1. Restricting the search to region 91-111, which residues are small (Gly, Ala, Ser) and either farther than 27 Å from residue 23 by Cβ or surrounded by fewer than 22 Cβ atoms within 10 Å (Cβ to Cβ) (or both)?
2. With of a type outside the set (Phe, Trp, Tyr), away from the ligand (no atom under 13 Å from the Cβ), modelled with pLDDT under 95 and under 24 Å from residue 174 (Cβ atoms) as the only criterion, which of 130, 152, 137 stands out?
3. Look through 34, 59 and report the one residue that is exposed (fewer than 15 other Cβ atoms within 10 Å of the Cβ), farther than 29 Å from residue 110 by Cα and in contact with a strand residue (DSSP E or B) (Cβ under 8 Å, 6 or more places away or on another chain).
4. Mind listing just one residue for me: the one in region 1-40 that is among the aliphatic types (A, V, I, L, M) and without any contact (Cβ under 8 Å) to a residue 40 or more places away in the chain and, of those, farthest from the ligand (Cβ to nearest atom)?
5. Out of 131, 121, 107, 88, which single residue is in contact (Cβ under 8 Å) with a residue 12 or more places away in the chain and assigned to a strand (DSSP E or B)?
6. Within region 79-107, count every residue that is within 16 Å of the ligand (Cβ to nearest atom) and either under 15 Å from the mean Cα position of the chain (by Cα) or charged (D, E, K, R) (or both).
7. Show the residue pairs meeting these rules: Cβ distance below 8 Å; 6+ apart or different chains; first residue within region 41-64 and closer than 22 Å to residue 75 by Cβ; second residue modelled with pLDDT under 95 and not charged (D, E, K, R).
Amino acid sequence: MHDILAIAGSPSVSSRSSAVLAHSTGLLEAQGLQVETFTIRDIKPEDLVFANFESPELQKFTTLVAEAKGIMIATPVYKATYTGILKALLDLLPQYAFLDKILFPIATGGTITHLLSLEYAMKPLFAVLGATHIERGLFIVDSQMQRLDEGGIQLDGDIETRLQDSLLGFASAIKAKKP
Ligand SMILES: Cc1cc2nc3c(=O)[nH]c(=O)nc-3n(C[C@H](O)[C@H](O)[C@H](O)COP(=O)(O)O)c2cc1C
């Protein structure tokens with residue numbers, strides 16, 4: 001059984017935010033935590049657009065959310081907020097799906113302009129789904145990361161340190177959480 005569900009909210013096949021999510025997953029697994037990943041590309045677009053509650057992929061996603069102690073969500077900033085397709089997925093969850101979960105938001109953006117989208121967009125969305133424990137999370141600008149030829153991503157030293165520190169706090173909170 002997993003401890004954390006990592007959700008990738010970018011529609012891009014070569015997604016920066018998803019690469020940061022995968023990197024973060026590796027760091028959490030190194031802390032002895034089990035992480036499952038679900039990306040919005042794992043569900044048919046028409047199931048999202050037409051709110052198909054019978055979708056097997058949606059039902060799997062809902063179960064993965066229910067069974068996790070922590071939820072880590074990475075999204076690119078689109079038009080000053082999370083992606084519409086991530087919202088379409090979260091719209092299909094039960095009303096209080098994040099009740100009693102620890103949330104960790106990650107956003108990537110082209111510039112620092114929408115740094116506060118974590119505060120004015122992501123955190124209220126998590127709260128409406130019942131979350132009361134939301135970690136500070138991290139906003140990363142595209143210029144602070146480089147893609148590696150062998151796949152994956154390299155973050156600038158400062159942001160890598162901040163990510164590691166933040167994830168250590170998240171991992172400790174998950175470990176301290178009663179089953
Ligand atoms: C449709 C679209 C809208 C975007 N809107 C913004 C924006 O409002 N603010 C911003 O800082 N970056 C914006 N960006 C840039 C992306 O947030 C940024 O490049 C991000 O790291 C891409 O992540 P991804 O590769 O995971 O999709 C936008 C990019 C796209 C494709």
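The values are calculated or read from the model by the stated rules, or taken from the named source; none is laboratory data. Quantities reported herein were computed from a predicted structural model and do not represent experimental measurements. Ideal geometry is used to build each Cβ from the backbone, glycine not excepted, and the neighbour counts take in all protein chains shown.
1. Listed by number, the residues that qualify are 97, 109, 110.
2. That would be 152, the only listed residue that is of a type outside the set (Phe, Trp, Tyr), away from the ligand (no atom under 13 Å from the Cβ), modelled with pLDDT under 95 and under 24 Å from residue 174 (Cβ atoms).
3. Of the residues listed, the single one that is exposed (fewer than 15 other Cβ atoms within 10 Å of the Cβ), farther than 29 Å from residue 110 by Cα and in contact with a strand residue (DSSP E or B) (Cβ under 8 Å, 6 or more places away or on another chain) is 34.
4. Only one residue fits best here, namely 30.
5. Testing whether each residue is in contact (Cβ under 8 Å) with a residue 12 or more places away in the chain and assigned to a strand (DSSP E or B) leaves just 107.
6. Result for region 79-107: 13.
7. 41/13
Yes/no matrix, rows are residues, columns are (1) out of contact with any strand residue (DSSP E or B) (no Cβ under 6 Å at 6 or more places or on another chain); (2) over 23 Å from residue 151 (Cβ atoms):
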site: 12; (1), (2): yes, no
site: 21; (1), (2): no, no
site: 43; (1), (2): yes, yes
site: 48; (1), (2): yes, yes
site: 54; (1), (2): yes, yes
site: 82; (1), (2): no, yes
site: 93; (1), (2): yes, yes
site: 97; (1), (2): yes, yes
